[in-house]
Amino acid sequence: MLHVSLVLIAAIALAAQTAAPKLEIATTVAFTEGPTVDKEGNVYFTEITNRRILKLTSSGQLTTFRENSNAANGLLLDVQGRLIACEGGAFERPGVKISGTPRVTRTDLKTGQIEVLADGYQGKSLVGPNDVTMDGQGRLYFTDMAGVAVYRIDAPGKIARILSAPEIQRPNGIQVSPDDRTLYLIEANGAQGGARMIRAYDLAPDGTVSNMRVHYNFYPGRSADGMSIDSAGNLYASAGLNALRGTAETLDNKAGVYVISPQGKLLRFIPVPEDTITNNAFGGPDMKTLYVTAGKTLYKVRVEIAGLPR
């Protein structure tokens, strides 16, 4: 079991958004990211400050699934139930500086065996894999935020770069539409004038992209970090701030989950009281529970439309 600073599991009913959230104290961690949920209802998520992958069981028990996570960030369970992890390798915050190998891995949850899917492209190492999703064929798409690139993995070691600078600036969260025809990419550039938006691209059957358009613009507020998608194609983007953090981002967007239609319209806003909101993922027997990571807290909220495990 864990003995670190404070994590909450908060149940927020959509039908009662104006009421105070009902919070339940579960356990304590430091900086949460990248949730994903297996078919048994276990939630895997990363704790970046202490470089761990945590597991919250369906019965509410919190354990450490993997120590020394190589600064793992975004997670995803593939169709075979294996855990995909974007491992940033290096990690630096005030008083903490850690080095490692940037890579994307796949872990067999039964044996614990870790397989490297990607650690470089055309002879150069990856810089900082951040988030990952998949399409209906099981192909993986991941962002390398520090390397300013988006890649597709067709098989272990078989990798293609589909986006790079200068056409993108700071790629973060990534998603594929239910029909596999659209790829969504979060730009999270907090610098003055930086792109803070969700881009949309036509996704071809061969996994290439074209026809970029702005799907939703968060500027001048804080852009989203990560996002998930429901069976109707609505995006659930974790974005905004409740307090300034020394960037060019404003408080125009409060911290919460922004539910955005396939047409780019804001359908609903689910407020989250804690900074800094990072990511979210669907789970539960009916796939209508949304788990949200924010600061030291893991929240959950019931929604009306079933999500996809992407």
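The values are calculated or read from the model by the stated rules, or taken from the named source; none is laboratory data. Here the structure is a predicted model, which means the values were calculated and not measured. Please note: Cβ atoms are built from the backbone with ideal geometry, for glycine as well, and neighbour counts cover all protein chains shown.
Restricting to the stretch 143-195, name every residue that is closer than 14 Å to Val132 by Cβ and within 14 Å of the chain's Cα centre (by Cα).
Thr143, Asp144, Met145, Pro171, Asn172, Gly173, Ile174, Gln175, Val176, Tyr184, Leu185, Ile186
Quick one: would you say Met197 is crowded, with 17+ Cβ neighbours inside 10 Å, within 26 Å of Pro309 (Cβ to Cβ), touching a residue at least 40 places away in the same chain (Cβ under 8 Å) and of a type outside the set (Phe, Trp, Tyr)?
Here the answer is no, as Met197 does not meet what is asked.
Residues that are within 30 Å of Ser261 (Cα to Cα) and touching a residue at least 40 places away in the same chain (Cβ under 8 Å): which strands (runs of 3 or more DSSP E) entirely in the stretch 75-181 hold 3 or more of them?
83-87, 129-134, 140-144, 149-155, 158-164, 171-176
For the stretch 124-151, give me each residue that is charged (D, E, K, R) and either surrounded by fewer than 22 Cβ atoms within 10 Å (Cβ to Cβ) or touching a His at 6+ places or on another chain (Cβ under 8 Å) (or both). Break it down into steps so the answer makes sense when it comes.
Step one: of the stretch 124-151, the residues charged (D, E, K, R) are 124, 131, 135, 139, 144.
Matches in the stretch 124-151: Lys124, Asp135, Arg139.
Out of Gly240, Gly256, Gly226, Gly246, I need the residue that is without any contact (Cβ under 8 Å) to a residue 24 or more places away in the chain and either crowded, with 21+ Cβ neighbours inside 10 Å or touching a Lys or Arg at 6+ places or on another chain (Cβ under 6 Å) (or both). Which one?
On inspection, the qualifying residue turns out to be Gly256.
Tell me, yes or no, whether the stretch 264-286 has at least one residue that is out of contact with any Phe, Trp or Tyr (no Cβ under 7 Å at 6 or more places or on another chain), assigned to a loop (DSSP other than H, G, I, E, B), closer than 27 Å to Ser59 by Cα and free of Cβ contacts under 8 Å to residues at least 24 places away in the same chain. Reasoning before the result, please.
Just the residues of the stretch 264-286 that are out of contact with any Phe, Trp or Tyr (no Cβ under 7 Å at 6 or more places or on another chain), to begin with: 265, 267-268, 270-271, 273-279, 282, 284-286.
Narrowing further to those that are assigned to a loop (DSSP other than H, G, I, E, B): 265, 273-276, 284-286.
Applying the additional criterion that residues be closer than 27 Å to Ser59 by Cα yields 273-276, 284-286.
Next, from what is left, pick out any that are free of Cβ contacts under 8 Å to residues at least 24 places away in the same chain: 286.
Among the residues of the stretch 264-286, at least one is out of contact with any Phe, Trp or Tyr (no Cβ under 7 Å at 6 or more places or on another chain), assigned to a loop (DSSP other than H, G, I, E, B), closer than 27 Å to Ser59 by Cα and free of Cβ contacts under 8 Å to residues at least 24 places away in the same chain, which makes the answer yes.
Report whether or not Gly207 is modelled with pLDDT of 95 or more and either more than 22 Å from Asp144 (Cβ to Cβ) or of a type in the set (Lys, Arg) (or both).
No: the conditions fail for Gly207.
Against the condition modelled with pLDDT under 95 and part of a loop (DSSP other than H, G, I, E, B), how does Gly233 come out, does it pass?
No.
Among (1) in contact (Cβ under 8 Å) with a residue 12 or more places away in the chain; (2) part of a strand (DSSP E or B); (3) among the polar types (S, T, N, Q), where does Gln192 come up short?
Gln192 satisfies every listed condition except (2).
Suppose the filter is out of contact with any helix residue (DSSP H, G or I) (no Cβ under 7 Å at 6 or more places or on another chain), of a type in the set (Val, Ile, Thr) and more than 18 Å from Asn73 (Cβ to Cβ); does Thr111 pass it?
It is true that Thr111 is out of contact with any helix residue (DSSP H, G or I) (no Cβ under 7 Å at 6 or more places or on another chain), of a type in the set (Val, Ile, Thr) and more than 18 Å from Asn73 (Cβ to Cβ).
Among the numbered criteria (1) surrounded by fewer than 19 Cβ atoms within 10 Å (Cβ to Cβ); (2) under 17 Å from Pro35 (Cα atoms), which one does Lys110 miss?
It fails just one condition, (2).
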